[in-house]
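Asks: Starting off with a structure, shown below.
Derivation of every value follows stated rules applied to the coordinates shown; laboratory data play no part. Because the structure is a prediction, the values reported are computed rather than measured. Backbone-built Cβ (ideal geometry, glycine too); neighbour counts: all protein chains shown.
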Amino acid sequence: MDRETDVPEIPVRPAHPAQVNDYDGFAEAYAADNENNLMNAYYERPAMLALAGDVSGRRILDAGCGAGPLSAALRDRGADVTGIDASVGMPALARRRLGDDADLRVVDLSGPLPFADGAFDDVVASLVLHYLEDWGPPLAETRRVLRPGGRLIVSVQHPFADYVLQDPRPDYSATTAYTCDFTFGGRSVPMRFWRRPLHAMTDAFTAAGFRLSVISEPQPDPTTRALFPGDFESLSTRIGFLFFVLEAPPSPVGSDG
């Protein structure tokens, strides 16, 4: 569970009890759309890869790996990648791409991670945290499985996007849920997200022991202007996603942590 797609504004409505975020119900259609659309293939993933930089030989956890496009790109650049996703269907699709020997697991980020302390050099969380109401436990677990000096690289829905571009929420400072209807493979599906102010994001990162290294609002890949001329212009001049690079600093000398 990890990506969103459309450039046009999408009407939002309050969250409701209907089944939402059922990626297993539309995994194939979602993966096909995600493969080549502007927002994911030519904007979000290139930005994540640029922030990751040289990953050759690095152990990377792709938290919310979906069908595996980011995992594949990182592996092609020499990384040793493990992928986890709360959906059953998405890692199955990722295995088709990455092969039977790929380390892919069904894991819910809201619970404990099945990895040893310091198991990874980097964790990438691509458009996944905004599905979660409480960032505390997932970030604490992420911090635990990172080695000292490791990085957490995150992309999320921009906290200003719906406030500026869509129906403004009544209280920007509150953490609230809402749903949007997306279309995958001709089927309309409800997706629920949690929106929170920017300071709540950075507070959650620092409370988990991370040090903020980069906040990025990148431009889409300029080579896609010819492929998506109208949408490219819209995306390059408006609010898109927000990206963070966070460091897991070494414990102070003599610390028991």
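Asks: Of Trp135, Pro170, Ile215, whose Cα points farthest to the positive end of the dipole of segment 120-257 (charges on the beta-carbon: +1 Lys, Arg; -1 Asp, Glu; origin at the Cα centre)?
Replies: Highest projection toward the positive end goes to Trp135.
Asks: Can you tell me what the convex hull of the Cα atoms of segment 84-144 projects to on average, as an area in nm²?
Replies: On the way: hull surface 18.1 nm².
The number I arrive at for segment 84-144 is 4.5 nm².
Asks: OK, next. Rounded, prolate or oblate for segment 28-85? Axes are the square roots of the Cα gyration tensor eigenvalues, ordered a ≥ b ≥ c, and the cut-off for rounded is a/c under 1.5.
Replies: The shape class here is oblate.
Asks: To the nearest 20 Debye, how big is the dipole of segment 146-253 about its Cα centre, given +1 on the beta carbon of each Lys and Arg and -1 on that of each Asp and Glu?
Replies: Dipole magnitude for segment 146-253 comes out near 320 debye.
Asks: If you project the alpha carbons of segment 112-204 onto their three principal axes, what span does each projection cover, largest first, in Å?
Replies: That works out to 42, 35, 19 Å along the principal axes.
Asks: Please report Thr202, Thr223 as a ranked list, fewest other C-beta atoms within 10 angstrom at the top and most at the bottom.
Replies: Working: Thr202 15, Thr223 10.
Ranked by crowding around the Cβ, least crowded first: Thr223, Thr202.
Asks: For segment 134-218, state which trypsin sites (Lys or Arg not before Pro) are in a DSSP loop and have at most 14 other beta carbons lying within 10 Å of their beta carbon.
Replies: none
Asks: I need Leu51, Leu74 ordered by Cβ neighbour count within 10 Å, fewest first.
Replies: On the way: Leu51 19, Leu74 24.
In increasing order of surrounding Cβ atoms, one gets Leu51, Leu74.
Asks: Where the Cα atoms of the chain are projected onto their three principal axes, how long is each span, largest first, in whole Å?
Replies: 53, 43, 38
Asks: Which one, Val214, Val81, Val245, has the greatest fluctuation when you compute a Gaussian network model over the chain with C-alpha springs under 10 angstrom?
Replies: Judging by the Gaussian network model, the answer is Val214.
Asks: Right, next: So what is the 222 nm mean residue ellipticity for the chain from helices alone, if each DSSP H run of at least 4 adds -39500 (n - 2.57) and you divide by all residues, rounding to the nearest 500 deg cm²/dmol?
Replies: -7500 deg cm²/dmol
Asks: Now for a different question. With θ set to phi - 60°, apply the Karplus curve 6.51 cos²θ - 1.76 cosθ + 1.60 along segment 115-128 and write out the HN-Hα couplings as whole Hz, x wherever there is a Gly or Pro.
Replies: Computed from phi, the couplings for segment 115-128 are 9, 6, 4, x, 6, 10, 7, 9, 10, 10, 10, 9, 6, 10 Hz.
Asks: Quick one: Met201, Met191, Met90, fewest Cβ neighbours within 10 Å first, how do they rank?
Replies: Sorted ascending by nearby Cβ count, the order is Met191, Met201, Met90.
Asks: Also, quick follow-up: Please list, short to long, the whole-number percent of alpha-carbon pairs of segment 136-257 in consecutive 5 angstrom bins beginning at zero.
Replies: Going out from 0 Å in 5 Å bins, segment 136-257 shows 2, 9, 15, 16, 17, 16, 12, 8, 3, 2, 1, 0 percent.
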